[in-house]
Amino acid sequence: MTIQECYTKLKGNYEDAVRRLSSDNLIERFMLMFPKDTTMQALRAAVAEGNIEESFRAAHTLKGIAANLSFSELAEVSSKLTEQLRPRTNQADGELVSQIEELYELTINTLKEYQASK
């Protein structure tokens, strides 16, 4: 699997990643660090606890990481959750959290598949 194929499968934007990071070596280096990040676990915990502030913080962080890596769909849905939580008055929307979970799992599984293909 190429990096471009990986981005297609995880619903990212390879061309944007190239513009942002300038080489496949840098893209690979940073995208393979993503599974080690604990932001998704923090989001899960905060949502389960009903902690709106921590849910917002985790959603915002996940949005930023996904955007910087050009994981477009994950960034988009994380951004929607971030904006839903921004007023700090509502619990996290379960549908958005489910969408994030699905995209996160797709991303992690695709990155594992990419790494195994090397």
task = Can you check what the net charge comes to around residue 10, using other residues whose Cβ is under 12 Å from the Cβ of residue 10 (Lys, Arg +1; Asp, Glu -1)?
result = -2
note = Rounded to the nearest 10 degrees, the helix 94-116 long axis (Cα) sits at an angle to the longest Cα principal axis of the chain of 20 degrees
Cα long-axis angle, helix 52-68 against the chain (0 to 90 degrees, to the nearest 10) = 20 degrees
ask   = How far, in nm, would the chain grow between residue 90 and residue 9 when pulled straight, counting 0.36 nm per residue and subtracting the alpha carbon separation?
value = 25.9 nm
request  = First select every other residue whose beta carbon is under 12 angstrom from the beta carbon of residue 39; then total the charges, Lys and Arg +1, Asp and Glu -1.
outcome  = +2
key: Surface share of carbon and sulfur [accessible, 1.4 angstrom probe, percent] for region 4-118   = 49 percent
query = Dipole size in debye (nearest 20) for the chain around its Cα centre, Lys and Arg Cβ +1, Asp and Glu Cβ -1?
reply = 320 debye
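Nearest 500 deg cm²/dmol is fine: what mean residue ellipticity at 222 nm does the chain get from its DSSP H runs of n ≥ 4 alone, each adding -39,500 (n - 2.57), divided by its residue count?
Value at 222 nm, helices only: -23500 deg cm²/dmol.
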message = So with the 1.4 Å probe, I'd like the accessible area per residue for the chain, rounded to whole Å².
response = 54 Å²
task = Compare 32, 103, 43 in a GNM of the chain, Cα atoms joined below 10 Å, and give the one with the largest fluctuation.
result = 32
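The values are calculated or read from the model by the stated rules, or taken from the named source; none is laboratory data. What you see is a predicted model, and the numbers here were worked out from it, not measured in a lab. Glycine also receives a Cβ, built like all others from the backbone with ideal geometry; neighbour counts cover every protein chain displayed. With ligands, DNA and RNA removed, areas are computed over all heavy atoms of the protein, side chains included. Shrake-Rupley method; radii C 1.70, N 1.55, O 1.52, S 1.80 Å.
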